[in-house]
Amino acid sequence: MVPLVVFWGLAALIGTSRGSYPVVTHSMNPHLHHRLYHGCYGDIMTMETFGAPCDINNLINCGIHGSEMFAEMDLKAIRVYRTLIKEVGQRHCVDPAIIAAIISRESHGGAGLQNGWDHTGQRFGLMQLDKRMYHPIGSWDSKEHLLQSAGILAERIKAIQRKFPTWNAVQHLKGGLTAFRSGMETMVTPADIDADLVDDVIARAKFYKRHGF
């Protein structure tokens, strides 16, 4: 016969264990767990990338290591916008890690800007919209402006999907990233995808995915 004190001890232990189940189940929601949410345009963690381009003048800070090094340098500045980036990404069904990667490459989390503009005065905001192609709205690091930028990126990817229906999902994403930066008219064949740009962005995005985006 089990002593009464042992019986009630076991009952309390089982009750405590059961009480923890809802918390565990809730955390597995893919819209809340950054490792599971990747938007509508493919899972970047399964995509091949070579990272930042290497050339005769850049043999050290290149490749995947180089992309991750620059992404890490920008991490502190970009973390300030993490909640906003994740909200905007889910609004447009774009992986937040991709948005973070573009912000890193284009503006270093805003650290490389002058009143929101690049040094040429042509590109504006965290994701650097080119005023010759777009009409930026809002302040350079506002929710309004980031919503506009991520929305344009999503529309560019969708436009590539419509224009090249036989391309695969990876080509659609890479083509959309290229069109976001350079315009739709630059895209005619898969060879027109800017490999230097997309390889660097995807490598940085994988880094940010592993760091909570």
* Asked: Only one of (1) surrounded by fewer than 17 Cβ atoms within 10 Å (Cβ to Cβ); (2) at pLDDT 95 or above fails for Pro22. Which number is that?
  -> (2)
* Asked: Out of all the residues in the stretch 135-151, which are surrounded by fewer than 17 Cβ atoms within 10 Å (Cβ to Cβ) and on the phi < 0 side of the Ramachandran plot?
  -> His135, Ile137, Ser139, Ser142, Lys143, Glu144, Gly151
* Where a residue in the stretch 65-83 is within 14 Å of Arg105 (Cα to Cα) and its partner, wherever it lies, is surrounded by 20 or more Cβ atoms within 10 Å (Cβ to Cβ) and among the hydrophobic types (A, V, I, L, M, F, W, C), with Cβ under 6 Å and at least six apart -> Gly66/Ala52; Ser67/Ala52; Ser67/Ala203; Glu68/Phe207; Ala71/Phe207; Ile78/Ala100; Ile78/Ile103
* Here are some residues: Ala203, Ala154, Ala150. Which one is in contact with a His (Cβ under 7 Å, 6 or more places away or on another chain), within 21 Å of Leu75 (Cβ to Cβ) and assigned to a helix (DSSP H, G or I)? -> Ala150
* Asked: In the stretch 62-81, is there at least one residue being over 24 Å from Ala195 (Cβ atoms), in a loop (DSSP other than H, G, I, E, B) and modelled with pLDDT of 95 or more?
  -> yes
* Select, from Asp118, Asp141, the only residue that is in contact (Cβ under 8 Å) with a residue 40 or more places away in the chain, under 18 Å from Ile103 (Cβ atoms) and in contact with a Gly (Cβ under 9 Å, 6 or more places away or on another chain). => Asp141
* Hey, does the stretch 174-195 have a residue that's in contact with a strand residue (DSSP E or B) (Cβ under 8 Å, 6 or more places away or on another chain), acidic (Asp, Glu) and either within 21 Å of Met45 (Cα to Cα) or touching a residue at least 40 places away in the same chain (Cβ under 8 Å) (or both)? -> no
* Structure fact -> Within the stretch 102-144, residues part of a loop (DSSP other than H, G, I, E, B) and charged (D, E, K, R) come out as Asp118, Lys131, Arg132, Asp141
* To do: Considering only residues that are surrounded by 17 or more Cβ atoms within 10 Å (Cβ to Cβ) and among the hydrophobic types (A, V, I, L, M, F, W, C), look in the stretch 185-195 and name the one that is farthest from the chain's Cα centre (by Cα).
  => Met187
* Asked: Can you name the residue in the stretch 154-177 that is among the small types (Gly, Ala, Ser) and under 17 Å from the mean Cα position of the chain (by Cα) and, of all such residues, is surrounded by the fewest Cβ atoms within 10 Å (Cβ to Cβ)?
  -> Ala169
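The values are calculated or read from the model by the stated rules, or taken from the named source; none is laboratory data. Here the structure is a predicted model, which means the values were calculated and not measured. Note: ideal-geometry Cβ built from the backbone for every residue, glycine included; neighbour counts use all protein chains shown.
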